[in-house]
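J.: Encoded as structure tokens, here's the structure I'll be asking about.
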Amino acid sequence: MRILILGAGRIGTAVAHMMAAGGAHEITLADRSFGVEAGQLSSRIRRVEADAADPAALDAVMQGHDAVLAAGPYHLCPQIAEAAVRNRLHYFDLTEDVRSTRAVAALAADAETALVPQCGLAPGVVCVMAHGLAHGFETVDAARIRVGALPAHPTGPLGYAMTWSTAGVVNEYCNPCEAIWNGERREVLPLEGEETVILHGTTYEAFNTSGGLGMLADAFEGKVRTLDYKTLRYPGHRAIMKLLLEDLKLRDRRELLEQVLEAAVPTTDQDVVVLSVSVDGIADGRLTRRSWSREVGAREVDGMHMSAIRLTTAAGVAAVIDLLAEGRLPRKGLVRHDHIDADALLANRYGRHYA
């Protein structure tokens, strides 16, 4: 399949590198300019300068491609999806922004190709796993998703380092969170719902954050009593963030909060992604729990060092694109997480990075 990747940042270049190394697809990487990450890529990857904010440029760069991945700013996703529908390309993105996803979903009814939003890690792989674990239950009581993108070597009271977008972290901490409680779909407050979680011998705190459920609430509405998504952090992190967001009122000054975090919190490529998905319900007439958990660290992939968050995000969307190319996903309309087979995703050549 001929795949156009719009956005030559850390995730776009990782997907391009991973899929080009697989050899089954032709990859074009497009952006307004190319930085250090793009300079490490194979000559097999075609590079084109194009501005994804320009509709005419989108139409031009999409010619000759079968699919497009929006790997840039989330606010461009609806415009890129419109261009994909107009030019009859399959569409994929990584956004966790609810408003952008709703705009993409609204385009699907008249689309002649597949629109597959939220294909990264969370929302993305963990949502596919939740639906896969729920399959075969007679009734599902609760589905719980816990995800942390964390420094492998935490220091300081926050116990945190920036492993991905600062703006994305701020949105997670400030925006309302979707959940299902007592069978009713509702919005809950970010940073609330605190609990202690022990995974692989390490203690974490978990709390509500926005965006991680993606479209899973659509699939599970009316079918479960409880569905929630919480972020994992090292203990003590939440209290400090609540001080900043609530007591110092930085929730209402997000740009300033981003500046503070970028000035004070270091970045790192030495990170770990911690994942836990569990489903409780009745299976074979008995109360049963099925769980899936992983701890993925930074590693080298086909000669390129990838942080854990970069690897898991890129592997998730690469696997979904590959499954569509193999004819294992619907090729028209909106494709949700519950349309993707969990076993097929993990068995895929890119999904195996979650092993």
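Each reported figure results from applying straightforward, stated rules to the coordinates on display, with no laboratory input. If you're wondering where the values come from, they're calculated on a predicted model, not measured in any experiment. FYI the Cβ positions are ideal-geometry reconstructions off the backbone, even for glycines, and counts take in every protein chain you see.
J.: Within 10 Å of each residue's Cβ, count the other Cβ atoms and sort Ser165, Ser293, Ser33 from fewest upward.
T.: Ranking Ser165, Ser293, Ser33 by Cβ neighbours within 10 Å, fewest first, gives Ser33, Ser293, Ser165.
J.: Compute the projected area of the convex hull of the Cα atoms of segment 111-165, averaged over all viewing directions, and report it in nm² to one decimal place.
T.: 7.0
J.: Can you pull the semi-axes for segment 135-232, root of five times each eigenvalue of the Cα gyration tensor, sorted largest first, whole Å?
T.: Gyration-tensor ellipsoid for segment 135-232: 26, 16, 11 Å.
J.: Report the antiparallel proportion of the DSSP beta bridges in the chain as a percent, rounded to a multiple of 5.
T.: 60
J.: Oh, and also: Which whole-number value in Å³ per residue fits the convex hull of the alpha carbons of segment 290-353?
T.: 96
J.: I would also like to ask the following. How much mean residue ellipticity at 222 nm does the chain get from its helices, if each DSSP H run of length 4 or more adds -39500 (n - 2.57) and you divide by all residues, to the nearest 500 deg cm²/dmol?
T.: Computed mean residue ellipticity for the chain: -9000 deg cm²/dmol.
J.: For each of Leu121, Leu287, Leu150, Leu245, count neighbouring Cβ atoms within 10 Å of the residue's Cβ, then give the residues from fewest to most.
T.: If I rank by nearby Cβ atoms, fewest first, I get Leu287, Leu245, Leu150, Leu121.
J.: Quote the relative contact order of segment 144-213 in percent (integer), defining contacts as alpha-carbon pairs under 8 Å separated by 6+ residues.
T.: Contact order relative to length: 25 percent.
J.: Another question, if that's okay. Based on Cα positions only, what radius of gyration and what Dmax would you give for segment 125-297, in angstroms?
T.: Computed over the Cα atoms of segment 125-297, radius of gyration and Dmax are 16.7, 55 Å.
J.: What do you get for Rg/Rh over segment 32-93 if you use C-alpha atoms and the Kirkwood form of Rh?
T.: With Rh from the inverse mean 1/r over Cα pairs, Rg/Rh is 0.96.
J.: If you don't mind, another one. Scale the Cα Rg of segment 204-355 by the rule-of-thumb value 2.2 N^0.38 Å and send over the ratio, two decimals.
T.: 1.27
J.: When a footprinting reagent is the concern and you count Cβ atoms within 10 Å, what order do His339, His17 take, fewest first?
T.: His339, His17
J.: Relative contact order of segment 125-297, please, whole-number percent, based on alpha carbon pairs below 8 angstrom and at least 6 residues apart.
T.: Here the relative contact order equals 35 percent.
J.: Something else: For segment 251-303, what Kirkwood radius comes out of the mean inverse Cα-Cα distance, in Å?
T.: Across segment 251-303, the inverse of the average 1/r is 15.6 Å.
J.: Only four residue types carry charge here, +1 at the Cβ of Lys and Arg and -1 at the Cβ of Asp and Glu. Report the dipole size of the chain about the Cα centre in Debye, rounded to the nearest 20.
T.: It works out to roughly 400 debye.
J.: Cut-off under 26 Å on the C-alpha distance; same-chain residues fewer than 8 positions from Lys242 excluded. Which lysines are left, in chain and number order?
T.: Cross-link targets: Lys230.
J.: Over the chain, what is the mean sequence separation of C-alpha contacts under 8 Å (at least six apart), divided by residue count, expressed as relative contact order in percent?
T.: Rounded, it is 19 percent for the chain.
J.: Also: Run through every distinct alpha carbon pair of segment 37-171 and return the Kirkwood hydrodynamic radius in angstroms, one decimal place.
T.: Radius from the Kirkwood sum: 17.5 Å.
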